[in-house]
1. Quick one: count up the residues across the range 88-128 that are among the aliphatic types (A, V, I, L, M) and either touching a strand residue (DSSP E or B) at 6+ places or on another chain (Cβ under 6 Å) or within 30 Å of Arg74 (Cα to Cα) (or both).
2. Quick one: count up the residues across the range 32-64 that are under 20 Å from Gln97 (Cβ atoms) and either modelled with pLDDT under 95 or out of contact with any Leu (no Cβ under 7 Å at 6 or more places or on another chain) (or both).
3. Any idea how many residues of the range 64-91 are of a type outside the set (Val, Ile, Thr) and over 37 Å from the mean Cα position of the chain (by Cα)?
4. Across the range 137-154, what is the number of residues that are within 23 Å of Ile35 (Cα to Cα), exposed (fewer than 14 other Cβ atoms within 10 Å of the Cβ) and either modelled with pLDDT of 75 or more or of a type in the set (D, E, K, R) (or both)?
5. Take the residues in the range 18-69 that are β-branched (Val, Ile, Thr) and under 30 Å from Lys168 (Cα atoms), then tell me which one is surrounded by the most Cβ atoms within 10 Å (Cβ to Cβ).
Amino acid sequence: MKRLLFLIAALVVSATTLSAQNYMVVNSEKIFKSIPAYTKAIEELDALAAQYQKQVDQKFNAIEELYVDYQQNRDGLSRADRETYEKLILDEEKQAQKFREELFGKQGTLMNKRMELIQPIQKRVFALIEEYAKNAGADLVIDSSNNPSLLYNTPKAEHTQQIIDLLKK
């Protein structure tokens with residue numbers, strides 16, 4: 001029984017090894033950085049993010065000033081005024097957090113702008129990679145950018161430059 005299990009395991013490993021022979025490696029980060037429209041879009045998004053962050057910081061700074069003012073005047077306020085002040089601070093903080101989420105959240109303004117600017121470029125690049133892989137007879141495409149588990153690949157498996165060249169046509 002042990003021999004049969006060993007034989008089956010060996011066959012599975014062999015089949016997996018043989019089927020993994022048709023692969024190619026690309027570095028999508030390098031490909032994207034070679035596209036001027038992508039670089040311009042990233043710069044635009046970075047500038048927009050900085051502008052939005054400044055707006056968010058202003059709101060939170062105003063809340064901080066309100067809180068400091070409250071702390072300084074707290075002892076001279078009636079209980080009702082203290083509660084009103086505390087509610088105001090909490091309401092302002094909730095509004096600022098909501099504002100930050102509207103700008104930076106998953107469905108926020110910045111993400112929507114990112115999808116508008118970057119997604120068409122990504123679709124084009126990924127479609128070109130897929131077409132190139134099919135023409136090259138590759139069954140698997142591995143992206144080497146930001147992949148800590150990719151320890152080695154042969155130069156003949158690396159096809160990043162070919163994809164960049166096709167994009168320039």
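The values are calculated or read from the model by the stated rules, or taken from the named source; none is laboratory data. Values in this document were obtained by computation on a predicted structure and should not be read as measured data. As a convention, Cβ positions derive from the backbone with ideal geometry for all residues, glycine included, and neighbour counts pool all protein chains shown.
1. Pass one, the range 88-128, residues among the aliphatic types (A, V, I, L, M): 88-90, 96, 103, 110-111, 115, 117-118, 121, 125, 127-128.
Adding the requirement that they be either touching a strand residue (DSSP E or B) at 6+ places or on another chain (Cβ under 6 Å) or within 30 Å of Arg74 (Cα to Cα) (or both) leaves 88-90, 96.
Selection size over the range 88-128: 4.
2. Result for the range 32-64: 13.
3. First, pick out the residues of the range 64-91 that are of a type outside the set (Val, Ile, Thr): 64-67, 69-83, 85-88, 90-91.
Remaining after also requiring over 37 Å from the mean Cα position of the chain (by Cα): 69-83, 85-86.
Total satisfying the criteria: 17.
4. Just the residues of the range 137-154 that are within 23 Å of Ile35 (Cα to Cα), to begin with: 141-147.
Applying the additional criterion that residues be exposed (fewer than 14 other Cβ atoms within 10 Å of the Cβ) yields 146-147.
Checking the rest, the ones that are also either modelled with pLDDT of 75 or more or of a type in the set (D, E, K, R) (or both) come to 146.
Going through the range 137-154 one residue at a time, the tally reaches 1.
5. Of the residues in the range 18-69, the ones β-branched (Val, Ile, Thr) are 25-26, 31, 35, 39, 42, 56, 63, 68.
Subset that is under 30 Å from Lys168 (Cα atoms): 25-26, 31, 35, 39, 42.
Numbers: Val25: 21, Val26: 25, Ile31: 23, Ile35: 16, Thr39: 12, Ile42: 15.
The selected residue is Val26.
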